[in-house]
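These notes are about the structure you will find just below.
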Amino acid sequence: MINMQKYNWVDEEISALKAEGRYVPIRTIESAQGAWVKINGKQVLNMCSNNYLGFANHPETKKAAIEAIEEYGVGAGAVRSIAGTDEIHIKLEEKIASFKHSEAALVYQGGLLANLGTVPALVGKDDIIFSEELNHASIIDGTRLSPAKRIVYKHLSVDDLEKQAKENRSSGKKALVITDGVFSMDGDIAPLPEIVDIAEKYDIMTYVDDAHGEGVLGDHGRGIVNYFHLEDKVDIEMGTFSKALGSMGGFVAGSAEMIDLLKQKARPFLFSSALNPGDAAAVLKAIEILEKDDSLVKKLWENADLLKKSLADLGYNTGHSKTPITPVIIGDEKKTVELSTKLYEEKNVFASPIVYPTVPKGTARIRLMPSAVHTHEDIMTAVNAFGELGKKLHII
Ligand code: PMP
């Protein structure tokens, strides 16, 4: 019999979230990922997936995954260092290294795990981490797993980073500067060339999380390091397979020695079973497609430009995004949730609200994620729905 007293706090927390308009319903998708998905038996326009290039449900990535399952089975069977390294993991690591123009790469079971595993393996007691104010939760948690001193510098502020480096970088200790490449809630881009310059000046290692730059920025979607031509200047480039690459897993790319060391130290590598072969094969295929053909990347940007321009023409605040991520900033949390609910119920547009603590208070938003698989008409369907409901709710 459950002791009800013991669980009262759960109800109280849920009620408080609902009262503040911060309780977000989680919808169940009944179809494959794509421009349109089925929810509760109805087709809705999907405007909130990270499936930027459509690889989550692409005939070739699916075929590659199925073939890998036929060949290697559904599970890797063990931790990689014990008995779980399949040749598909090695092939994928070699492919990532060549796609990224880096010496080597290490595959993890998720992007979050890549950050949780790598950061504490690089810096420890008596070391320093300079961490961007708006870094993703997985970076923040990764830095918390290290006993290194953590100094947070202001969002996009090269001056603040330099000031902090000058004040805190004393010799004899390792130091790491870590930043999102593309900030996932606003779509703005880290000033990586300036960060690299400061890092060189103060002898600091550099680490960029390119979860939202993969498949989006750079030549054929090679990511932010390629976009800024910083291939031999960034020490660790981290990425995920779960967004533009359409599958599951994460990686870091860097020097052969660094990757070698991570294989001996990174805890998700040493203590958690390996990525499934089918997932790895799907990513390998997605990268092969990208290497040959950048038409999906181009289509993604075309759709993003159309979406941003059309929403701005309607009078919406879409922030300062420099990437396809399109935040429609409403501010008020209840109004944001109301708009999202009406978009779904009245217009069949699936676009989730994003509220505090994911974004700062007063900046609640609906984050729209255009993709290469949306048509021009799909984008305009979303825009028209925002136009009509925004007027009705006195948002625009
Ligand atoms: N870093 C950033 C910037 C992200 O946006 C995300 C995903 N939300 C992750 C890391 C984690 O990646 P994954 O979903 O593969 O765990």
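Would you please classify the overall shape of the chain from the alpha carbon gyration tensor, given that a ≥ b ≥ c denote the square roots of the eigenvalues, rounded means a/c under 1.5, and beyond that prolate means a/b larger than b/c while oblate covers the rest? Numbers along the way, then the final one.
Working: a/c = 1.44, a/b = 1.26, b/c = 1.15.
Rounded.
Which lysines does Lys42 reach when only Cα atoms under 18 Å apart count, and residues fewer than 8 places away in its own chain are ignored?
Lys342, Lys347
Ignoring ligands, DNA and RNA, please state the percent of accessible area on the chain from carbon and sulfur, probe 1.4 Å. Kindly include the intermediate steps, with their values, before the conclusion.
Working: 9280 of 17790 Å².
Looking at the chain in its full context, I get 52 percent from C and S.
Would you please put 244-253, 132-141, 231-240 in order of how densely packed they are, using the mean number of other Cβ atoms within 10 angstrom per residue and starting with the highest? Walk me through the intermediate numbers first.
Details: 244-253: 26.5, 132-141: 18.9, 231-240: 22.6.
Per-residue mean Cβ counts within 10 Å order the peptides as 244-253, 231-240, 132-141.
Counting only DSSP beta bridges with both residues in region 72-292, tell me the antiparallel percent, nearest 5.
Rounded to the nearest five, the antiparallel share is 40 percent.
Rounded to the nearest 10 degrees, what's the angle between the helix 277-292 long axis and the longest principal axis of the chain, both from Cα atoms, 0 to 90?
The answer is roughly 90 degrees.
Compute the separation of the alpha-carbon centres of region 1-77 and region 284-322 and state it in Å as a whole number.
Answer, in whole Å: 23.
By its C-alpha gyration tensor, with a ≥ b ≥ c as the square roots of the eigenvalues, how is region 255-396 shaped: rounded for a/c under 1.5, else prolate for a/b larger than b/c, else oblate? Walk me through the numbers on the way to the answer.
On the way: a/c = 2.57, a/b = 1.74, b/c = 1.48.
Prolate.
Work through the residues other than Pro360 whose Cβ is under 15 Å from its Cβ and net out their charges, Lys, Arg +1 and Asp, Glu -1. Intermediate results must be reported in sequence, preceding the final value.
Details: positive: Arg22, Lys154, Lys361, Arg365, Arg367; negative: Glu20, Glu132, Glu133, Asp186, Asp188, Asp332, Glu333.
Cβ neighbours under 15 Å give a net charge of -2.
What number comes out for accessible area per residue over region 62-139 if the probe is 1.4 Å? Units Å², please.
Numbers: 3310 Å² over 78 residues.
Roughly 42 Å² per residue, with all protein chains present.
Rank by packing, highest mean first: peptides 17-25, 155-163, 301-309, with packing defined as the count of other Cβ atoms within 10 Å averaged across residues.
Details: 17-25: 13.7, 155-163: 16.7, 301-309: 18.6.
The packing order, highest mean first, is 301-309, 155-163, 17-25.
Please build a GNM for the chain, connecting alpha carbons under 10 Å apart, and tell me which residue among Lys125, Lys342, Lys95 fluctuates the most.
Lys125
If you take every DSSP beta bridge fully contained in the chain, what fraction is antiparallel? Give it as a percent rounded to 5.
Working: 23 of 42 bridges.
About 55 percent, rounded to the nearest 5.
Which whole-Hz couplings ³J(HN,Hα) result when phi for each residue of region 379-391 is put into the Karplus expression 6.51 cos²θ - 1.76 cosθ + 1.60, θ = phi - 60°, listed in order with x for Gly and Pro?
4, 6, 4, 5, 4, 5, 5, 4, x, 5, 6, x, 5
Quote the relative contact order of region 72-292 in percent (integer), defining contacts as alpha-carbon pairs under 8 Å separated by 6+ residues. Spell out each step's value before the answer.
Working: 464 pairs, mean separation 66.3, N = 221.
Relative contact order here is 30 percent.
Go through Lys38/Lys299; Lys201/Lys243; Lys173/Lys233 and tell me which ones have a Cα-Cα distance over 22 Å in this structure. List each step's numbers first, then the result.
Details: Lys38/Lys299 24 Å; Lys201/Lys243 34 Å; Lys173/Lys233 20 Å.
Exceeds cut-off: Lys38/Lys299; Lys201/Lys243.
The values are calculated or read from the model by the stated rules, or taken from the named source; none is laboratory data. A quick note: this is a predicted structure, and the numbers were derived from the prediction, not measured. Cβ sites come from the backbone with ideal geometry, for glycine too, and all protein chains shown count toward neighbours. We work out accessible area using only protein heavy atoms, side chains counted, and drop any ligands, DNA or RNA first. Shrake-Rupley method; radii C 1.70, N 1.55, O 1.52, S 1.80 Å.
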